[in-house]
Amino acid sequence: MNSKKFFLLIIGILFIIASVLGFSIYSKIFKESTIQEGFLYIPTGSDFKEVENLVRPFLKRVKPFVWVAEKLNYTEAVKPGKYKISKGMNNLELTRMLRSGKQTTVNLSFNNQDTFEKLASRISQQIEADSLLLLKAFNDSTFLNESGFTTSKALGMYIPNSYEFYWNTTAEEFRTKMLNEYNKFWSSERLEKAKKLNLTKNEVITLASIVQKETASVSERPIVAKLYLNRLDSDWPLQADPTIIFALKAKLGNDKVIKRVLSKDLEINSPYNTYKNKGLPPGPIAMPDISSIEAVLNPANHDYYYMCASVTTFGTHEFAKTLNQHNRNAAKYQLWLNKQGVNR
C-alpha cells in the first residue's frame, strides 16, 4: 500500500470515528429521551443523585441525561419544585428546564375548615410543607401580633378559594400569601359595607362563620345573616346553637358528634355561649366561605327574629317574626327529633 492510499485510509477511519462520536453526542443531547408524561417532584435539599433516581422512570436511558446534566453543570444547581415532563423531550430540554427552576404551579384549594389542624392537613396534601410546620406557622405569635390577629381570630384570615402556589412553597410563604389575599379580599367596597353594618372585618367573619354553620343552603344565608343582624341591632343575644356546639367541642374535643343542643348545654360557661352573652363571640367558630361572608355584607331585607330547622324542606329553616310563630315551628321540630331518636 502506497503512502497516498494509507493516508486516505487513515482519513476514512478518522471520519468514521468522528461520525460515530458525533452521532453519539448528538443522540445524547437531541434525541427524544422521555417516554411518558407526568410531574417530577424534587424535594427541597435534594442532590443530583436523588434527582437521577426520581427522573429515571421518565427516561429511556438515564446515563445520557446524566452526561448532559454534567456538561450543563446542573449536577451542582439542583432546584426543588414540581416540574411537568412531556413525552418526547430531549435531554437538553429536560436539563435546561430543571436547571432554570421553571416549575409548574399548583392550583391549591381549600374549603371551610373548622380548625387549623384540619386546614394544615388539607394544605399539606397539596404543597411540600408538612402539617406540623404549617400549624406552627399559623400559630406563630410574632406573625399574629404583627398582622393584627389573635389566636381566636386568626382562622378568619384564610379565605376559602383556589390559589396558585409553587409546590415547594414553605409554611411561612403560604401564610404570608394568605395574609396578602385576605387584605386584597377586603376591598374598599367590602369595607364600606361592613362600616354601614357597624361591623369590623373580624366581626363580619365571625358572624359569617355562624351563618356558615347554621345553614348549608347558600340561597338561605342572606336571610339567616339578616336575622342575626336584627338581633344585634335590637340588643338581643344571638342565641345561635352553632356557638354552643363550638363551646362544647372546645371542652369535650373536636371529634365529639353533637346533633342536638340540649337545655343543659345552654348553661356552659364560655365566651362563645351566645345564649348567656350578648353580641358576637370573640372570633369565628369556623372558616366561613365567601358566600357566607357576602351574605353578611349583603343581607336580605326582612323583619325575622326567629328561625327553626324545617322538617318539610330539610337543610333549610322556618322563619318567624313573633315568638308564638316560632314556638309552633320549634314544637314541630322537637317532635320530629324525638321520633328520629336523636338525643344528642
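Here are the numbers:
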quantity: Candidate set: the range 248-273, residues that are hydroxyl-bearing (S, T, Y) and surrounded by fewer than 20 Cβ atoms within 10 Å (Cβ to Cβ); chosen: the one farthest from L197 (Cα to Cα); calculated: S263
quantity: Positions within the range 243-261 being at pLDDT 95 or above and touching a helix residue (DSSP H, G or I) at 6+ places or on another chain (Cβ under 6 Å), in sequence order; calculated: I244
quantity: Neighbours by Cβ (under 7 Å, 6+ apart or cross-chain): first from the range 242-254, under 18 Å from V224 (Cα atoms); second surrounded by 20 or more Cβ atoms within 10 Å (Cβ to Cβ) and of a type in the set (A, V, I, L, M); calculated: P242/I210; P242/I285; T243/I210; T243/I285
quantity: Yes/no for K193 being under 17 Å from S291 (Cβ atoms), modelled with pLDDT of 95 or more and open to solvent by 10 Å² or more (accessible area, probe 1.4 Å); calculated: yes
quantity: Residue in the range 251-268 that is farthest from Y333 (Cα to Cα), counting only those that are of a type outside the set (K, R) and in a helix (DSSP H, G or I); calculated: L252
quantity: Residues of the range 50-108 classified as over 30 Å from R122 (Cα atoms), touching a Ser or Thr at 6+ places or on another chain (Cβ under 9 Å) and open to solvent by 70 Å² or more (accessible area, probe 1.4 Å), total; calculated: 5
quantity: Near pairs, Cβ below 7 angstrom, 6+ apart or cross-chain, from the range 292-307 (on the phi < 0 side of the Ramachandran plot) to any residue that is surrounded by 21 or more Cβ atoms within 10 Å (Cβ to Cβ) and assigned to a loop (DSSP other than H, G, I, E, B); calculated: none
quantity: Selected residue [of a type outside the set (G, A, S) and open to solvent by less than 10 Å² (accessible area, probe 1.4 Å)] from I290, I245, I205; calculated: I205
quantity: Yes/no for E203 being part of a helix (DSSP H, G or I), modelled with pLDDT of 95 or more, out of contact with any Leu (no Cβ under 8 Å at 6 or more places or on another chain) and not polar (S, T, N, Q); calculated: no
quantity: Helices (runs of 4 or more DSSP H) contained entirely in the range 96-165, each with at least 1 residues that are in contact with a strand residue (DSSP E or B) (Cβ under 8 Å, 6 or more places away or on another chain); calculated: 116-124
quantity: Pair list, Cβ < 9 Å and 6+ apart or interchain, from the range 188-203 residues that are within 15 Å of L232 (Cβ to Cβ) and free of Cβ contacts under 8 Å to residues at least 12 places away in the same chain to residues that are surrounded by fewer than 17 Cβ atoms within 10 Å (Cβ to Cβ) and not hydroxyl-bearing (S, T, Y); calculated: N198/D233
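The values are calculated or read from the model by the stated rules, or taken from the named source; none is laboratory data. Since we're looking at a predicted model, the values are computed, not measured. Reconstructed Cβ throughout: ideal geometry from the backbone, glycine too, with neighbour counts over all protein chains shown. Note: accessible area is taken over every heavy atom of the protein model, side chains too, but ligands, DNA and RNA are not part of it. Shrake-Rupley method; radii C 1.70, N 1.55, O 1.52, S 1.80 Å.
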